[in-house]
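A short write-up of the structure that comes next.
The values are calculated or read from the model by the stated rules, or taken from the named source; none is laboratory data. None of the values given here were measured: they were computed from a predicted structure. Every residue, glycine among them, receives a Cβ derived from its backbone with ideal geometry; neighbour counts consider all protein chains shown. We work out accessible area using only protein heavy atoms, side chains counted, and drop any ligands, DNA or RNA first. Shrake-Rupley method; radii C 1.70, N 1.55, O 1.52, S 1.80 Å.
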Amino acid sequence: MTASKPGRSRMSGWLAEVRTSAIGTRLPASAVEVAALAALLLAAVGDSRLWALPPAVLALGLLAWTWRGGPPAAGTSVVARVLLLASAYLLGAVHGSLDPALAVGVAVAGLAVLGEPLLASAFEAVYPVAANLPGIGSRTGRDPDTGRVTLVNGAAVLVALVCAFTGVFGGIALAVAAVALGLTLYTGLQGLRQVRARRRSEAKLLAALTAYEPVFLVHWSAPAGTAYQLAMWLPYLERLGRKFFVLVRNQTNFNEVVGLTKAPVVMRMGLNQLDDVIAPSLRAAFYVNTATVNNHVARYTNLKHIQLNHGDSDKVPSHNPVFRLYDKNFVAGQAAIDRFAANGVSMPPEMFTIVGRPQVENVAIATGPIASIANPRVLYAPTWAGFYADSNYSSLLVGYDIIKALVARGCSVVFRPHPYSQRSAALARECERIRTLLADDRRTSGRPHVFGAEAEVAMTVADCFNASDAMVSDVSSVVADYLYSEKPFVMVAVSTPADRFPEAFPLARAAYVIDAHGGRLQGLDTALDDLLGSDPLAAARRDLKKYYLGDIPSDRYAQRFLDEASRYL
């Protein structure tokens, strides 16, 4: 798709709203429009100006309510505001002599409000092209403030109504309307300039990338708040010592990546825009997730396409047949390869390369048995609910009881939930309950619990690993990464009963398992006794470590990835 299509869609939707509202084929879609229409009708047929006052006040109140979260986008509630302006005109025309200044002010304010959908449509075509790329500059300019236009135009509607109801000199309404129209026109001009700047940048993009001579690109497209997928790989891609750029497909991702790297960041939204970024010097494309739009780049047969993924686990998405799309899948260990075959996904061995998980190179390895630690610190790192029911492995709904049991045993806790936990209201509530529990216990007992921004922002995942003596998690890539430390861990069985859990998720052979299938906790005390006491699975963890994370010398662990990636550059 191109950038202008969303704008056309918004414009056509607004025109349909105007047509259906104006000709009366149905009631206006929102309560604010119903109230504004009532004000218009009462202004036309009422015996007094005051008849129209209650619905007009209600409409204004509803507008204020819908805009309470911040400045609304241009084009919001256009029909309601036009109806209110028409009401202001009728109040003067029907109930006394019409002030010419008010009439002109209503017309001018109407032009400003009716111009908003055009303004919004124009700004759909304002977006950044590149940052940090020599010859292009940073971006097309500061994002325009179209919400300010909506607020000023809304003020013009309010002033026109006040003048109409009170009989105050209409010149005030005219002056405010003139300011509103001027701001609308100025902002529109600003948008047109930025569109032209964007087009100039696009015209120079391929030449700038060709001159830059990148050897590889990193393609990333993901929902907001998932920059960790890319962030975990950027330091190692930078260590390759070759020129590269990050290719993103939406402005949210663009803004996130610009804060993560000094490498060029390029945004191309449509499939037909990608030819502009395939510079002759490119040899490979790396991917860190299995986004559907990855196939837009994978169609370039002159590149070697390498999937890195953003973690290794026994989850369903980790053996998705879509991994067949790539020339190479860089995996942490033999477990990742066997996982595909075990789940009926046939892939030839040459599609895989074992590179370990370079992100764990700085994870400290246990120096002694956990039983020798008087007050151990336990990391609780639950995953989220997943996009689909078959990938919901989160233990957060029973996490509060697990944390209570740990605190009762004198443990301190590091709590780091998956960032996507906030996408679910139920999981977000459980996260807050756990933070409150830890905060209360820290005040009363003095135990050094770590949670909130300290654990989720200030500390990396590796920092949390190193700050703990044991971990509780579920089916998540953090479990495989934690295996590198050789420290004991618990896995909470949510999607499968505990007796069938190791069969479905082989990494559980090295874990103490708590059964939470069906929402009831079973085996909690037994698992915690083993976790914090005799730790009978210590040898099993050391064996599985090589299977999941590669048989790679620790002093050159990250170098394996660098060597294998360099082969394709």
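Which of the residues spanning the stretch 19-43 are at pLDDT below 50 and either under 30 Å from Ser97 (Cβ atoms) or open to solvent by 70 Å² or more (accessible area, probe 1.4 Å) (or both)?
Arg19, Ser21, Ala22, Ile23, Gly24, Thr25, Arg26, Leu27, Ala29
Limited to the stretch 293-330, what total is found for residues that are among the aliphatic types (A, V, I, L, M) and in a helix (DSSP H, G or I)?
Number of matching residues: 5.
Being out of contact with any Phe, Trp or Tyr (no Cβ under 6 Å at 6 or more places or on another chain), open to solvent by less than 50 Å² (accessible area, probe 1.4 Å) and at pLDDT below 95 is the filter here; which residues of the stretch 382-405 pass it?
Pro382, Ala385, Gly386, Ser391, Tyr393, Ser395, Leu396, Val398, Gly399
Taking Asp99 as the residue in question, decide whether it is touching a residue at least 40 places away in the same chain (Cβ under 8 Å), in contact with a Cys (Cβ under 8 Å, 6 or more places away or on another chain), open to solvent by 20 Å² or more (accessible area, probe 1.4 Å) and not hydrophobic (A, V, I, L, M, F, W, C).
Working: touching a residue at least 40 places away in the same chain (Cβ under 8 Å): yes; in contact with a Cys (Cβ under 8 Å, 6 or more places away or on another chain): yes; open to solvent by 20 Å² or more (accessible area, probe 1.4 Å): yes; not hydrophobic (A, V, I, L, M, F, W, C): yes.
Here the answer is yes, as Asp99 does meet what is asked.
So which residues in the stretch 531-558 are part of a helix (DSSP H, G or I), buried (at least 16 other Cβ atoms within 10 Å of the Cβ) and either free of Cβ contacts under 8 Å to residues at least 24 places away in the same chain or of a type outside the set (A, V, I, L, M) (or both)?
First, the residues of the stretch 531-558 that are part of a helix (DSSP H, G or I): 531-532, 538-549, 554-558.
Those still in the list that are buried (at least 16 other Cβ atoms within 10 Å of the Cβ) too: 531-532, 541, 544-545, 547-549, 557-558.
Passing the criteria: Arg541, Lys545, Tyr547, Tyr548, Tyr557.
If you scan the stretch 406-420, which residues turn out to be buried (at least 20 other Cβ atoms within 10 Å of the Cβ) and free of Cβ contacts under 8 Å to residues at least 40 places away in the same chain? Break it down stepwise before answering.
Narrowing the stretch 406-420 to residues buried (at least 20 other Cβ atoms within 10 Å of the Cβ): 406-407, 411-418.
Scanning the stretch 406-420 gives Ser412, Val413, Pro417.
Go over the candidates Leu83, Leu90, Leu133 one by one and state the one that is under 30 Å from Ala208 (Cβ atoms) and either at pLDDT 85 or above or among the polar types (S, T, N, Q) (or both). Even if it seems obvious, please write down each step before you answer.
On the way: Leu83 fails: under 30 Å from Ala208 (Cβ atoms); Leu90 fails: under 30 Å from Ala208 (Cβ atoms).
Checking each option against the conditions leaves just Leu133.
Does Glu430 satisfy the condition of being more than 20 Å from the chain's Cα centre (by Cα) and more than 28 Å from Pro223 (Cβ to Cβ)? Can you show your working first?
Working: more than 20 Å from the chain's Cα centre (by Cα): yes; more than 28 Å from Pro223 (Cβ to Cβ): no.
For Glu430, the condition - more than 20 Å from the chain's Cα centre (by Cα) and more than 28 Å from Pro223 (Cβ to Cβ) - is not met.
Would you please list the contacts, defined by Cβ atoms under 8 Å and residues six or more apart or on different chains, that run from a residue in the stretch 284-310 that is open to solvent by 50 Å² or more (accessible area, probe 1.4 Å) to a residue that is among the basic types (Lys, Arg)?
Filtered contacts from the stretch 284-310: Lys304/Arg283; Lys304/Lys328.
Can you tell me which residue among Ser346, Ser394 is within 18 Å of Phe505 (Cβ to Cβ) and part of a loop (DSSP other than H, G, I, E, B)?
On the way: Ser346 fails: within 18 Å of Phe505 (Cβ to Cβ).
Criteria check complete, one pass: Ser394.
Does any residue of the stretch 373-380 turn out to be open to solvent by 70 Å² or more (accessible area, probe 1.4 Å), in a loop (DSSP other than H, G, I, E, B) and without any contact (Cβ under 8 Å) to a residue 40 or more places away in the chain? Let's see the steps before the verdict.
So the first thing to find is which residues in the stretch 373-380 are open to solvent by 70 Å² or more (accessible area, probe 1.4 Å), and the list is 374-375.
In the following step, the residues that additionally are in a loop (DSSP other than H, G, I, E, B) were identified as 374-375.
Those left that are additionally without any contact (Cβ under 8 Å) to a residue 40 or more places away in the chain: 374.
Yes: the stretch 373-380 contains one or more residues that are open to solvent by 70 Å² or more (accessible area, probe 1.4 Å), in a loop (DSSP other than H, G, I, E, B) and without any contact (Cβ under 8 Å) to a residue 40 or more places away in the chain.
Would you please name the residue that is nearest to Gly311 (Cα to Cα), looking only at residues in the stretch 270-283 that are more than 22 Å from the chain's Cα centre (by Cα) and open to solvent by 10 Å² or more (accessible area, probe 1.4 Å)? Before you say what the answer is, go through the steps one by one.
In the first step, residues of the stretch 270-283 are kept if they are more than 22 Å from the chain's Cα centre (by Cα); the result is 272-283.
Among the residues that remain, those that are also open to solvent by 10 Å² or more (accessible area, probe 1.4 Å) are: 272-273, 275-276, 278, 280-281, 283.
Numbers: Asn272: 31, Gln273: 30, Asp275: 30, Asp276: 31, Ile278: 28, Pro280: 31, Ser281: 29, Arg283: 24 Å.
If we take residues in the stretch 270-283 being more than 22 Å from the chain's Cα centre (by Cα) and open to solvent by 10 Å² or more (accessible area, probe 1.4 Å), then Arg283 is nearest to Gly311 (Cα to Cα).
Among the residues of the stretch 237-251, is any on the phi > 0 side of the Ramachandran plot and over 21 Å from the mean Cα position of the chain (by Cα)? Before you say what the answer is, go through the steps one by one.
Pass one, the stretch 237-251, residues on the phi > 0 side of the Ramachandran plot: 241.
Remaining after also requiring over 21 Å from the mean Cα position of the chain (by Cα): 241.
Scanning the stretch 237-251 turns up at least one residue that is on the phi > 0 side of the Ramachandran plot and over 21 Å from the mean Cα position of the chain (by Cα).
Evaluate the stretch 44-65: report whether one residue or more is without any contact (Cβ under 8 Å) to a residue 24 or more places away in the chain, part of a helix (DSSP H, G or I), open to solvent by 50 Å² or more (accessible area, probe 1.4 Å) and in contact with a Leu (Cβ under 8 Å, 6 or more places away or on another chain).
yes
Select from the stretch 345-365 the residues that are open to solvent by 40 Å² or more (accessible area, probe 1.4 Å) and either touching a residue at least 24 places away in the same chain (Cβ under 8 Å) or under 30 Å from the mean Cα position of the chain (by Cα) (or both) and list them in ascending order. Walk me through it before giving the result.
Initially, the stretch 345-365 is screened for residues open to solvent by 40 Å² or more (accessible area, probe 1.4 Å), giving 346, 348-350, 354, 361-362, 364-365.
Scanning the stretch 345-365 gives Ile354, Glu361, Asn362, Ala364, Ile365.
Regarding Val461, is this residue over 24 Å from Lys404 (Cβ atoms) and either in contact with a Lys or Arg (Cβ under 7 Å, 6 or more places away or on another chain) or at pLDDT below 95 (or both)?
yes
Could you tell me which numbered condition Phe323 fails, if it satisfies all but one of (1) open to solvent by less than 20 Å² (accessible area, probe 1.4 Å); (2) at pLDDT 95 or above?
Condition (2) is where Phe323 drops out.
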